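Single-structure report; data block below.
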Amino acid sequence: MREETANVVELSRKIKELKEKRKAVILAHFYQRPEVQDVADFVGDSLQLARQAADTDAEVIVFCGVYFMAESAKILSPEKIVLLPEAEAGCPLADMASAPAVRAKKEEIPDCLVVAYVNSSAAVKAESDVCCTSANAPKVVSSLPSERPVLFVPDRNLGDYVSRQTGRALIPWDGYCHVHDCLTAAEIETARAAHPEAAVVVHPESPPEVIELADHVASTGGMIKYAGSAPASSFIIGTEQGLLYPLQKACPNKSFYPAASHMICPSMKLTTLEKVKRVLEDLAPRIEVAPEIRDRARKALTRMLELS
Ligand code: 13P
Ligand code: SF4
């Protein structure tokens, strides 16, 4: 996955130079390639990155992640230039809910509130009352009036997990993340047999039977926090493998094992240093969100940020 070392050094130097010239900040998700994480000013989970995007005073945001994350940055900082180094870096989960389909469901359940996981399009966020990430979903759902039905889009596994955590029935959407939904209980058992001393940590996008077997369930940022504070010295990690790099950096004396070798998100790996350099040179491709969608989506995102 890593680019050639000499190339990495030269590209990183060039990116640093361009970043200063453009008054840019580079934000990267934990699933990005190691060398991309290394040039970023801030590496985080979806919630931490949304906060950074809302608070930065840079003029340009280079978002090393997937489309919905860069779109959220633009919604929260509409006056800034937001660049996505790879325009094709989408999230298949986000594509599983469309705004017309959410509107149709809302009409079926007239009094319902809609919670949109941030892994959704701006148009879906605009249809929702509040957003959530995997780091704050139970808190967001618990804040809603108990007499109102709640439609949770688009991740069915996260919805199920939140429902168990809060004791609140949710109307699920049938979306899933192909990276996490494929993790099986048998794979967790195999990994545990190979590393019986290790704590099992999984992402809430995993299927319920996998969550059932875990010692801890958390967002990517939550996993890093847990690894640092838990007494265990080794961990089986049930999320996209990009997280192993920041985990090892944060806890150099602990050991981390992937729960399964297939947990790689192709979209997250599309961003390379070459592409980061190119967007900083070209100031394109830029993320744009139509004002009528942006303003409604912003309400839902801001409400989430105020709650957590
Ligand atoms: P986090 O918010 O936990 O980083 O998750 C993002 C994501 O895309 C999970 O697949
Ligand atoms: Fe989307 Fe899953 Fe990739 Fe995250 S890991 S960006 S939810 S496809």
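What's the number of the only condition in (1) in contact (Cβ under 8 Å) with a residue 24 or more places away in the chain; (2) closer than 25 Å to residue 249 by Cα that residue 120 fails to meet?
Of (1) in contact (Cβ under 8 Å) with a residue 24 or more places away in the chain; (2) closer than 25 Å to residue 249 by Cα, only one is false for residue 120: (2).
Which of the residues that make up segment 179-212 are crowded, with 19+ Cβ neighbours inside 10 Å, without any contact (Cβ under 8 Å) to a residue 60 or more places away in the chain and assigned to a helix (DSSP H, G or I)?
Passing the criteria: 210, 211.
Test residue 67 against the criterion of being within 16 Å of ligand 2 (Cβ to nearest atom), aromatic (Phe, Trp, Tyr) and under 24 Å from residue 298 (Cα atoms), and give yes or no. Full working, then the answer.
Working: within 16 Å of ligand 2 (Cβ to nearest atom): yes; aromatic (Phe, Trp, Tyr): yes; under 24 Å from residue 298 (Cα atoms): yes.
Judged against the criteria, residue 67 is a match.
Taking the residues in segment 256-266 that are crowded, with 19+ Cβ neighbours inside 10 Å and under 15 Å from the mean Cα position of the chain (by Cα) as candidates, determine which candidate is farthest from residue 233 (Cα to Cα).
Going through the qualifying residues, I end up with 265.
From the set of residues in segment 55-100 that are under 16 Å from the mean Cα position of the chain (by Cα) and surrounded by fewer than 19 Cβ atoms within 10 Å (Cβ to Cβ), which is farthest from residue 115 (Cα to Cα)?
Among them, the one singled out is 90.
Might you let me know whether segment 152-159 holds any residue that is within 16 Å of ligand 2 (Cβ to nearest atom), in contact (Cβ under 8 Å) with a residue 24 or more places away in the chain and in contact with a Cys (Cβ under 7 Å, 6 or more places away or on another chain)?
Looking through segment 152-159, at least one residue is within 16 Å of ligand 2 (Cβ to nearest atom), in contact (Cβ under 8 Å) with a residue 24 or more places away in the chain and in contact with a Cys (Cβ under 7 Å, 6 or more places away or on another chain).
Given the structure, is residue 127 more than 18 Å from the chain's Cα centre (by Cα) and buried (at least 24 other Cβ atoms within 10 Å of the Cβ)? Break it down stepwise before answering.
Details: more than 18 Å from the chain's Cα centre (by Cα): yes; buried (at least 24 other Cβ atoms within 10 Å of the Cβ): yes.
Yes; evaluated as a whole, the condition is true for this residue.
Does segment 281-291 contain any residue that is over 25 Å from residue 118 (Cα atoms) and not aliphatic (A, V, I, L, M)?
Yes: one or more hits.
Counting just the residues of segment 11-27 that are in contact (Cβ under 8 Å) with a residue 40 or more places away in the chain and in a strand (DSSP E or B), which one comes out surrounded by the fewest Cβ atoms within 10 Å (Cβ to Cβ)?
Looking at residues that are in contact (Cβ under 8 Å) with a residue 40 or more places away in the chain and in a strand (DSSP E or B), I get 24.
Only the coordinates and a few stated rules stand behind these numbers; no lab work does. This one's a predicted model, so the numbers in the text were calculated from it and none came from an experiment. Neighbour counts run over all protein chains shown; Cβ positions are idealised from the backbone, glycine included.
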